[in-house]
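Quick notes on the structure that follows.
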């Protein structure tokens, strides 16, 4: 029989039968390999989780409102112990004592597990960089730009945006209007980051409608992040889409596409400006010569030209807006809830603020709020309870053998740990889900730095949040101003619905039907 006769007798039905048989045989072989011959086959955990990533997909995408795999991971640890194989390629460890080993800084080399950083759609940015060396090089100028000694020169930016927020609260005291305070905290944080990092506002303070829309966009991005983590390249394909198309397919996502387009245009202009300069001044990291934008901070370095493209710059800019605003806004929102439901804590905080600033109309200084122990304890306790990222924060040691107790973890293995397992550990923090700022103070009422060993709300190691000091200062100044100047009350706010984290969307999220933390301004304080 010739080839032509063979193919003519080979029907479409036969083709698909062979095709699906091949897929079935491949899948069967892959499962057998993962269960019995994979380097992680000896580690404890559910066989189904070891066999397929669809197990994780079910919990994070299909079950309930999504983002439920973190609770399944908790169940695994309860059944199998402190080290668990949570999917075919990844181990998860629940042991605060191992945290500094896994996320060791210094000379240790740590790559990121691709799904845990590519889901944001910014592979050229610091957050989305997988390999250790490029990440270290890309992080350096941004770490300097957001360092405490540099951003202190921009104190008026913090003050002016917080003053705008204060004016809005004053107007609401007059009108009696009830609002979701997360809208205000998010718009304030976003404007502070935008003015500092890009030299201009986004305009959320000028348009209450846009501020509400921005929160809806942030929530929409959070809701789809578990899906993006399962298919990490989807977000990268989505960001360059035309805004009109996104408005048709997923309207609430459109503001983020618009912002990304704006960042792209500004990155192009920044590159053109530097290209037109006869001599580019290299920034030495001193506060006095701080570049006006993050674009200039990156361009005024010795990084190779390949690291100074508009695509690189806009990925870091896009990440800075989201990473620098919503986590801080969520923390301040929940801090407001905890203060208003703990009158004794609020009273002690306001007594400290009254003593430090007898004139409530006077603008607070960065150094001033950093020296208030109880205010700092309130913010630290809020960050501990919030445990900002609920994700597993996986890393890969490309050449180092890790040892956890009797277990040997070979190079190339993805290993993750969760912030909340340390920050909510009852052996470290008794009554871990209670709001107790005094746990951070020593006998003299000062911040006890000895208690910082397990304080990891911003992560640790090479991949630690580079804007942690900036975010902390922003929260200190904003919360101090609000609670020095105003008396607030909660309205129709329920912990289980509006505050409690029930979904892992990289940043922990509440129930989808949340009404937010609503407040009413009762009066101005004297």
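The values are calculated or read from the model by the stated rules, or taken from the named source; none is laboratory data. A quick note: this is a predicted structure, and the numbers were derived from the prediction, not measured. Positions of Cβ are generated from backbone atoms using ideal geometry, with glycine treated the same way; all protein chains shown enter the neighbour counts.
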- Message: Against the condition surrounded by fewer than 17 Cβ atoms within 10 Å (Cβ to Cβ), within 20 Å of the chain's Cα centre (by Cα) and at pLDDT 95 or above, how does residue 424 come out, does it pass?
- Response: yes
- Looking at 381, 394, 400, which is the one that is under 16 Å from residue 101 (Cα atoms) and either buried (at least 23 other Cβ atoms within 10 Å of the Cβ) or in contact with a helix residue (DSSP H, G or I) (Cβ under 7 Å, 6 or more places away or on another chain) (or both)? 394
- From the set of residues in segment 440-457 that are touching a strand residue (DSSP E or B) at 6+ places or on another chain (Cβ under 9 Å) and not in a helix (DSSP H, G or I), which is nearest to residue 165 (Cα to Cα)? 457
- Counted residues in segment 388-410 being modelled with pLDDT of 95 or more, over 19 Å from residue 56 (Cα atoms) and under 27 Å from the mean Cα position of the chain (by Cα) come to 4
- For segment 461-498, enumerate the residues that are surrounded by 19 or more Cβ atoms within 10 Å (Cβ to Cβ), out of contact with any strand residue (DSSP E or B) (no Cβ under 6 Å at 6 or more places or on another chain) and not in a helix (DSSP H, G or I). 465, 466, 467
- Please give the number of the condition residue 210 fails out of (1) under 22 Å from residue 330 (Cβ atoms); (2) part of a helix (DSSP H, G or I); (3) at pLDDT below 90; (4) in contact with a helix residue (DSSP H, G or I) (Cβ under 7 Å, 6 or more places away or on another chain). (4)
- Message: Given the criteria more than 20 Å from residue 102 (Cβ to Cβ) and either modelled with pLDDT of 95 or more or outside any loop (DSSP other than H, G, I, E, B) (or both), does residue 435 qualify?
- Response: yes
- Out of all the residues in segment 360-371, is one or more surrounded by 20 or more Cβ atoms within 10 Å (Cβ to Cβ) and within 26 Å of the chain's Cα centre (by Cα)? yes
- Filtered residue count, segment 42-63, keeping only those that are surrounded by 14 or more Cβ atoms within 10 Å (Cβ to Cβ) and more than 28 Å from residue 223 (Cα to Cα): 2
- Item | Criterion (touching a strand residue (DSSP E or B) at 6+ places or on another chain (Cβ under 6 Å) and modelled with pLDDT of 95 or more) met by exactly one of 340, 349 | 340
- Task: Might you let me know whether segment 321-333 holds any residue that is in contact with a helix residue (DSSP H, G or I) (Cβ under 8 Å, 6 or more places away or on another chain), surrounded by fewer than 24 Cβ atoms within 10 Å (Cβ to Cβ) and part of a loop (DSSP other than H, G, I, E, B)?
- Result: no
- Message: Please verify whether residue 442 is closer than 30 Å to residue 294 by Cβ, without any contact (Cβ under 8 Å) to a residue 60 or more places away in the chain and surrounded by fewer than 18 Cβ atoms within 10 Å (Cβ to Cβ), treating the condition exactly as stated.
- Response: no
- Message: Any residue that is part of a helix (DSSP H, G or I) and either at pLDDT 90 or above or under 30 Å from residue 379 (Cα atoms) (or both) - is there at least one of those in segment 279-287?
- Response: yes
- Considering residues that are in a helix (DSSP H, G or I) and surrounded by fewer than 18 Cβ atoms within 10 Å (Cβ to Cβ), the number found within segment 108-139 is 5
- Item | Members of segment 368-404 found to be free of Cβ contacts under 8 Å to residues at least 60 places away in the same chain, part of a helix (DSSP H, G or I) and over 30 Å from residue 110 (Cα atoms), listed by number | 368
- Query: Could you say whether any residue in segment 64-79 is outside any helix (DSSP H, G or I), surrounded by fewer than 19 Cβ atoms within 10 Å (Cβ to Cβ) and modelled with pLDDT of 95 or more?
  - Reply: no
